[in-house]
Amino acid sequence: MFQADIIEQCKQNNRKAQLQLYNQYCDGMYIVAKRFLKDASDAEDVVQEAFIKAFSKLHQYKAEVTFGAWLKRIVVNKSIDFLKSKKQQLVELEDVHLKVVDAPQDDKWFVDDAITLCDVKRAISNLPDKYQYVVMLYLIEGYDHQEISEILDISEVASRTQLSRGKVKLQELLTLKQNGTRH
């Protein structure tokens with residue numbers, strides 16, 4: 001069955017089609033939620049809520065992006081809403097690899113080779129929430145400033161500013177002190 005057919009059937013509340021779509025995307029969406037949330041059961045709850053919202057708002061899906069991308073945005077929003085409601089810290093990155101796209105050599109994303117993934121995780125968790133969210137969405141999830149502004153309900157300028165400030169703060173947190181200890 002083609003993706004468009006499944007989605008059309010889901011719009012008509014076909015439970016079998018909904019289960020098929022859920023089974024196709026649940027594992028990937030769980031991984032996305034787990035990047036934001038520390039607790040596995042919280043990530044599962046967020047994914048369930050995201051699917052409920054997706055199925056109830058499916059009539060708004062216009063296929064301008066893939067269904068997976070549309071659903072991922074819902075999962076990210078639900079994860080952030082959950083964190084805001086619980087005032088929790090953003091999470092363990094475990095097997096996530098940070099990547100920088102099109103960064104000039106003098107960019108502040110470059111860090112000393114001695115810095116470990118554990119150091120980066122600790123530093124991100126110590127960023128103020130507003131910087132954490134933007135840094136996570138940009139670095140980990142790969143969203144651009146327009147998408148981040150929509151997700152966080154801030155302007156693109158605010159997204160760029162918070163990313164820039166978060167980048168500086170992250171760099172400070174990752175810089176070795178003179179005596180060899182970290183900030």
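Structure notes:
- Qualifying residue in region 36-57 (condition: under 14 Å from the mean Cα position of the chain (by Cα), part of a loop (DSSP other than H, G, I, E, B) and within 17 Å of Leu137 (Cβ to Cβ)): yes
- Scanning region 2-20 for residues that are loosely packed, with under 13 Cβ neighbours inside 10 Å, on the phi < 0 side of the Ramachandran plot and either of a type in the set (A, V, I, L, M) or assigned to a loop (DSSP other than H, G, I, E, B) (or both) yields Phe2, Ala4, Gln12, Leu19.
- Sole exception among (1) over 25 Å from Ser125 (Cα atoms); (2) surrounded by 15 or more Cβ atoms within 10 Å (Cβ to Cβ) for Asn23, by number: (2)
- Test: Val32 is within 20 Å of Ser149 (Cβ to Cβ), assigned to a helix (DSSP H, G or I) and in contact with an Asp or Glu (Cβ under 8 Å, 6 or more places away or on another chain): yes
- Subset of region 58-72 that is part of a helix (DSSP H, G or I) and open to solvent by 60 Å² or more (accessible area, probe 1.4 Å) - its residue that is nearest to Glu150 (Cα to Cα): Gln60
- Cβ-Cβ contacts under 8 Å between residues 6 or more apart (or on different chains), taken from a first residue in region 115-128 that is in contact (Cβ under 8 Å) with a residue 40 or more places away in the chain to a second residue that is β-branched (Val, Ile, Thr) and surrounded by 13 or more Cβ atoms within 10 Å (Cβ to Cβ), are listed as Val120/Val111; Ile124/Val135; Leu127/Val135.
- Every condition in (1) in a helix (DSSP H, G or I); (2) of a type in the set (Val, Ile, Thr); (3) under 21 Å from Gln3 (Cα atoms); (4) open to solvent by 10 Å² or more (accessible area, probe 1.4 Å) is met by Val75 except one, and the failing one is (4).
The values are calculated or read from the model by the stated rules, or taken from the named source; none is laboratory data. Bear in mind that the values here come from a model prediction, so they are computed numbers and not experimental data. Quick reminder, even Gly has a Cβ in these numbers, built from the backbone with ideal geometry, and neighbours come from all protein chains shown. Just so you know, the surface numbers come from the protein's heavy atoms only, side chains and all, with ligands and any DNA or RNA stripped out. Shrake-Rupley method; radii C 1.70, N 1.55, O 1.52, S 1.80 Å.
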